[in-house]
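Just below is one structure, and these are the notes that go with it.
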Amino acid sequence: MYILTLNCGSSSVKYQLYDWDNRAVLAKGAVERVTVGGAFITHYSRGKGTTTFEHECPSHREAVDLIVKLLLDPEKGSIQDIQEIKVVGHRLVHGGEKFAKSVIVDTAAMRIFKGFSDLSPLHNPANILGIEAAQRLLPNVPHCVILDTAWHQTMPEHAYIYALPYKWYKNYGIRRYGFHGTSFLYVAKRASVLLGRDPFQTNLISLHIGNGASASMASHMAADLAKNAQLHTQVFSDLSLITAISKPSSGGALRRTTTGGEERMPLGRRGDSPTL
């Protein structure tokens with residue numbers, strides 16, 4: 001079975017074609033500078049080497065079209081018929097509190113994904129465009145999504161509530177969600193294998209260090225970020241928070257923060273502490 005995976009970022013699309021039966025990578029690559037001009041693709045095909053060339057991609061749809069075209073190319077590709085691809089996997093950053101594990105994409109799921117675009121304005125719209133582009137080319141195969149936020153859904157309330165008006169959480173979903181969960185999921189499982197431990201009896205502190213950085217503490221694989229050094233995750237959350245509560249749908253919550261009468265959750269905990 002051949003599996004195509006796509007990771008659509010704000011200005012890039014990374015991909016890999018995987019032969020599940022033989023546990024082998026058939027092709028992989030990335031389209032860079034999508035939507036910003038000067039786009040190019042770097043494509044590797046097993047047994048055929050790597051090729052790089054420019055190709056304008058004004059949207060993620062053109063980028064996904066280009067990827068599939070290369071996979072089918074007689075000289076650079078890896079398959080002869082698009083129907084050889086039996087499933088497509090997608091990375092999606094934000095699933096809010098709705099998803100604690102990977103999910104098959106359907107109409108209801110897509111509606112929920114789009115509803116979280118305000119909380120992930122740089123990533124969810126691009127992720128969704130990639131899903132829609134792939135569904136157009138491969139409408140008869142399952143499309144699955146793995147979510148960055150799913151890993152962190154076991155955080156207790158005191159870890160994910162901000163020291164902000166509590167109604168922001170109740171009305172607009174403003175809370176700490178955690179990101180890079182796909183990385184933490186892999187690292188946690190792989191570490192358990194290397195340690196020879198049952199993953200459900202393993203305590204880990206995991207670090208994701210890339211263009212952004214996050215830290216996650218997992219107790220028996222239950223993520224509790226209450227004591228984490230949240231680096232990129234914290235900055236990313238706060239920037240998204242400002243974007244979200246500045247939207248018309250939030251009713252101008254950001255502009256009302258200095259007025260009285262807001263129910264607050266100081267220092268991320270319930271109680272009678274003074275308001276900020």
Taking the stretch 88-112 and the residues there that are within 19 Å of residue 177 (Cβ to Cβ) and either in contact with a strand residue (DSSP E or B) (Cβ under 6 Å, 6 or more places away or on another chain) or not assigned by TED's automatic domain parsing to the domain that holds residue 6 (or both), the one that is surrounded by the fewest Cβ atoms within 10 Å (Cβ to Cβ) would be 102
When you scan the stretch 107-129, how many residues do you find that are over 12 Å from the mean Cα position of the chain (by Cα), assigned to a helix (DSSP H, G or I) and touching a residue at least 60 places away in the same chain (Cβ under 8 Å)? 1
Residue tally, condition of a type in the set (A, V, I, L, M, F, W, C) and closer than 14 Å to residue 64 by Cβ, over the stretch 7-26: 3
Restricting to strands (runs of 3 or more DSSP E) lying wholly in the stretch 1-87: which have 3 or more residues that are crowded, with 18+ Cβ neighbours inside 10 Å? 2-8, 12-19, 24-32, 40-45
Restricting to the stretch 47-99, what's the tally of residues that are within 23 Å of residue 140 (Cβ to Cβ) and among the aromatic types (Phe, Trp, Tyr)? 0
When residue 54 is evaluated against the numbered criteria (1) more than 24 Å from the chain's Cα centre (by Cα); (2) modelled with pLDDT under 95, which criterion, by number, is the only one it fails? (2)
What do you reckon, is residue 11 assigned by TED's automatic domain parsing to the domain that holds residue 124, modelled with pLDDT under 95 and hydroxyl-bearing (Ser, Thr, Tyr)? yes
Given the conditions (1) without any contact (Cβ under 8 Å) to a residue 60 or more places away in the chain; (2) more than 28 Å from residue 149 (Cα to Cα); (3) of a type in the set (A, V, I, L, M), every one holds for residue 104 apart from (2)
Can you give me the number of residues within the stretch 151-198 that are in contact (Cβ under 8 Å) with a residue 12 or more places away in the chain, part of a helix (DSSP H, G or I) and hydrophobic (A, V, I, L, M, F, W, C)? 8
Please work out which one of (1) closer than 22 Å to residue 204 by Cβ; (2) part of a strand (DSSP E or B); (3) not hydrophobic (A, V, I, L, M, F, W, C) is the condition residue 90 fails and give its number. (1)
Scanning for something assigned to a loop (DSSP other than H, G, I, E, B), exposed (fewer than 15 other Cβ atoms within 10 Å of the Cβ), touching a Lys or Arg at 6+ places or on another chain (Cβ under 9 Å) and in the same structural domain as residue 27 (by TED's automatic domain parsing), does the stretch 131-143 turn up at least one residue? yes
Could you list all residues from the stretch 34-46 that are without any contact (Cβ under 8 Å) to a residue 24 or more places away in the chain and in contact with a strand residue (DSSP E or B) (Cβ under 9 Å, 6 or more places away or on another chain)? 38, 40, 42, 44
Number of the condition not met by residue 198 [criteria: (1) under 22 Å from residue 99 (Cα atoms); (2) modelled with pLDDT under 90; (3) among the acidic types (Asp, Glu)]: (1)
Does the stretch 172-189 contain any residue that is within 24 Å of residue 14 (Cα to Cα), hydrophobic (A, V, I, L, M, F, W, C), surrounded by fewer than 22 Cβ atoms within 10 Å (Cβ to Cβ) and in contact with a Leu (Cβ under 9 Å, 6 or more places away or on another chain)? yes
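The values are calculated or read from the model by the stated rules, or taken from the named source; none is laboratory data. All figures in this text were calculated on a predicted structure; none of them were measured in a lab. Virtual Cβ from ideal backbone geometry, glycine too; neighbours counted across all protein chains shown.
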